[in-house]
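Here's the structure, in structure tokens; my notes come after.
The values are calculated or read from the model by the stated rules, or taken from the named source; none is laboratory data. This one's a predicted model, so the numbers in the text were calculated from it and none came from an experiment. In this analysis, Cβ positions are derived from the backbone assuming ideal geometry, glycine residues included, and neighbour counts consider all displayed protein chains.
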Amino acid sequence: MSALALLGAFGTLLVAGYGVLALLVRQKTRLTLTEQIAFSWLLGIGVVSLLLWIFGLFVQGVLLPGLVSIICLSLGFVGWRQTVPLSLGRRGPKPFEILLGIIVVIEIASVFYLSFVHTLGWDGLLNWEIKARYAFANDGIIPATYFSDSGRAFSHPEYPLAIPFTELWLYFWLGQADQFCAKTIFPAFYVVGIFLLVALGRRLAGRTWIGLLVAAFLFFVPQITVEVGSAIAGYTDFPLSVFYLATIGYLFCAAKPKNDAFFRLYAACLALLPWVKRDGVILWTVAAACGVFVILATRKSYRSLLAFFPGLLIICGWRFYLNAMHALQGSDFLPVNLQTFGSHLYRIFPLLSALLEEFHDLRIWSLFWFVVAVGVAYLLRRMRDPRVLVLVTALIVPIALYLSIYVFSSWPNYLDHVGLSISRLLMHVTPVGFLITMLAVSRRSLKNRARVHECGVVTCVIAGSERTPGVELA
Amino acid sequence: MTSRFSYGRIAHVLLWCGLAVASLWVSIPKIYSGVTEFPLRPTGPLHTSDSYLKFATGVSGLSKNLISIFQSTNASKRVIIFTRKDDTFSCGLGMTIAYLASPHLVRVFEINGTHPDNELSKMNPHEVAAVVFCRTNRPAWLPAGKVFGSGLEVVSMTEKVRR
């Protein structure tokens, strides 16, 4: 029974997401099956959680999930009428790709196993699931008293609701709050992350095997799979990193003319960043700045600036809602102003040293950051390409901003604060690090156009190297 | 042919293959121990909070009992939770109790030492639904409540207790 209910919950999410995807793509661009599933999931999470929140302001009880279900099905109808064109390769997979595919499938199975073996992590239960549970017990709405209850300030009532309300959606279908079933969301994000890496590998590097190879290595970063706050722990850091991967990856693809569908996909994922986690505002700022740069560098229409409006609306709407609820504000940081910055400037060098120490921690990151550093060094020669500049900026600037935030930490020992959270913050940009690695590994293939043609798929490399983005629209 | 077998290409392939092998060499032991560390646990709607409470008190399936205790008290009154400032187990236990105590408002007191007599004596018993002691001691003047394993006691504030 639970399995059927979960199927219903996941099905409606995917159907709604597919409908939004169809509206964004407008039958103009071919997407691979993995891309379609990945975007259906990401957009479905965004749509369902936002609808539950917004409709929850007006209705509650059975009416709330009923209304959201109707909209999900209506969006599915739109998707059925405007099917997203499927991109199929001209050839079958090579033996090496099949082997890599099998490895990736085994890894995905292991992540599902790990997810069921472990309980929800501390924050997964007490910061995120708590909101879903309280909303479910209160007919789909988080009780107003929760936001101002000082005894539950530890659970950060000010955190946004994308993940808790996805859990709530599952609870509506299950008919009860269930900590075990709530965990199924997180390995699904891992699958989506893998799908996006494979698809972007194909687009950025022009070869499926590079995407598969890099995706296979995601499993071997301990912070992603087995460490505290990993993809299986019920924290929102990994989901946020997947949204950020989609945002930056498709901005890269949108940086060529006539790739407006990719730009719309970028805009949709960008808008959802601050809705997944509060730190998403920082990623939103960086990704939006990269978007402005791409608009200017590629002389896109100024109407493209409207892409930033939905994200701003979500940021302001959530802030307004918290004010209206008299929500308690977190006490982890001092007020951000020049005076505090000046008086805490001495922290910068210890913070940099802590960051370097984190990069060196092989138990948490293995050689990931070393590999990414090599990748960045490879790409230095190609920095004149705005797309490469965007990718490197999207990796480095969030790290710098995250680090600078600890200057304002109000913890008695700010280095404890860093030690406790920096690995999870670095996770947000980890998949972008994989994109950089992909580009670096495929350095040679960029010069070898014949090999690029071999795939017969839509790639950014084709568009980039031959100035024929129209191939993609065939 | 020249570009296909150039030194640059060979160096490129060797570098990335070397990095891949080294990454796997470092990662596999950690990932293997992570995958094999825990057996499959019993599943259930409260499996995470049950695990936390078992870790802190040694008692299995405690969440359901606690929820029914809190549900039997007046929902408009607060649950008071006492934890020890210097004891992370106590703080964690207190937060898990606060999670389960919905829909009550909660108030968590982090105290120095183990005796919350001062804080408790200042409270109006008519505004309290239950008092929870997380690895702290119940004052002798307060009637005994339900004790769960080591370090957790819940005193429901019935009319009798209030008097």
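Right, A:LEU120: within 14 Å of chain B (Cβ to nearest Cβ), in contact with a Lys or Arg (Cβ under 8 Å, 6 or more places away or on another chain), crowded, with 20+ Cβ neighbours inside 10 Å and in contact (Cβ under 8 Å) with a residue 12 or more places away in the chain or not?
Working: within 14 Å of chain B (Cβ to nearest Cβ): yes; in contact with a Lys or Arg (Cβ under 8 Å, 6 or more places away or on another chain): yes; crowded, with 20+ Cβ neighbours inside 10 Å: yes; in contact (Cβ under 8 Å) with a residue 12 or more places away in the chain: yes.
Spelling it out, A:LEU120 is indeed within 14 Å of chain B (Cβ to nearest Cβ), in contact with a Lys or Arg (Cβ under 8 Å, 6 or more places away or on another chain), crowded, with 20+ Cβ neighbours inside 10 Å and in contact (Cβ under 8 Å) with a residue 12 or more places away in the chain.
Quick check on this structure: which one of A:PHE320, A:PHE341 is hydrophobic (A, V, I, L, M, F, W, C) and farther than 25 Å from A:VAL429 by Cβ?
Working: A:PHE341 fails: farther than 25 Å from A:VAL429 by Cβ.
After ruling out the rest, the residue left standing is A:PHE320.
Run A:GLY66 past the list (1) exposed (fewer than 14 other Cβ atoms within 10 Å of the Cβ); (2) outside any helix (DSSP H, G or I); (3) of a type outside the set (Val, Ile, Thr) and report the number of the one that doesn't hold.
Failed condition: (2).
Among the residues of the stretch A:151-176, what is the count of those that are under 18 Å from B:ALA101 (Cβ atoms) and either aromatic (Phe, Trp, Tyr) or at the interface with another protein chain (Cβ under 10 Å from one of its Cβ atoms) (or both)? Walk me through it before giving the result.
Of the residues in the stretch A:151-176, the ones under 18 Å from B:ALA101 (Cβ atoms) are A:151-157.
Checking which are either aromatic (Phe, Trp, Tyr) or at the interface with another protein chain (Cβ under 10 Å from one of its Cβ atoms) (or both) leaves us with A:151-155.
Of the residues in that region, 5 qualify.
Going residue by residue through the stretch A:24-36, is there one that turns out to be surrounded by fewer than 16 Cβ atoms within 10 Å (Cβ to Cβ) and either free of Cβ contacts under 8 Å to residues at least 60 places away in the same chain or part of a helix (DSSP H, G or I) (or both)?
Filtering the stretch A:24-36 for residues surrounded by fewer than 16 Cβ atoms within 10 Å (Cβ to Cβ) gives A:26-28, A:33.
Now drop any that are not either free of Cβ contacts under 8 Å to residues at least 60 places away in the same chain or part of a helix (DSSP H, G or I) (or both), which leaves A:27, A:33.
Taking every residue of the stretch A:24-36 in turn, at least one turns out to be surrounded by fewer than 16 Cβ atoms within 10 Å (Cβ to Cβ) and either free of Cβ contacts under 8 Å to residues at least 60 places away in the same chain or part of a helix (DSSP H, G or I) (or both).
If you take the residues of the stretch B:68-105 that are away from chain A (no Cβ under 13 Å) and among the β-branched types (Val, Ile, Thr), which of them is nearest to A:ASP178 (Cα to Cα)?
B:ILE69
Among the residues of the stretch B:106-113, are any touching a residue at least 40 places away in the same chain (Cβ under 8 Å), more than 10 Å from chain A (Cβ to nearest Cβ) and farther than 30 Å from A:PRO222 by Cβ?
no
Residue-by-condition table, conditions (1) under 30 Å from A:THR145 (Cβ atoms); (2) out of contact with any helix residue (DSSP H, G or I) (no Cβ under 7 Å at 6 or more places or on another chain); (3) surrounded by 16 or more Cβ atoms within 10 Å (Cβ to Cβ):
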residue: A:ALA327; (1), (2), (3): yes, no, yes
residue: A:ASN337; (1), (2), (3): no, yes, no
residue: A:VAL388; (1), (2), (3): no, no, yes
residue: A:VAL392; (1), (2), (3): no, no, yes
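Quick check on A:LEU126: is it more than 10 Å from every other protein chain (Cβ to nearest Cβ), farther than 16 Å from A:ILE224 by Cβ and either assigned to a helix (DSSP H, G or I) or at pLDDT 95 or above (or both)?
Values: more than 10 Å from every other protein chain (Cβ to nearest Cβ): no; farther than 16 Å from A:ILE224 by Cβ: yes; either assigned to a helix (DSSP H, G or I) or at pLDDT 95 or above (or both): yes.
For A:LEU126, the condition - more than 10 Å from every other protein chain (Cβ to nearest Cβ), farther than 16 Å from A:ILE224 by Cβ and either assigned to a helix (DSSP H, G or I) or at pLDDT 95 or above (or both) - is not met.
For the stretch A:213-302, which helices (runs of 4 or more DSSP H) that fit wholly inside it have 3 or more residues that are at pLDDT 95 or above and closer than 25 Å to A:ARG387 by Cβ?
Details: elements: A:222-225, A:237-254, A:260-276, A:280-297.
Correct list: A:237-254, A:260-276, A:280-297.
Of all residues in the stretch B:38-67, which are within 8 Å of chain A (Cβ to nearest Cβ) and exposed (fewer than 13 other Cβ atoms within 10 Å of the Cβ)?
Hits for the stretch B:38-67 are B:PHE38, B:PRO39, B:LEU40.
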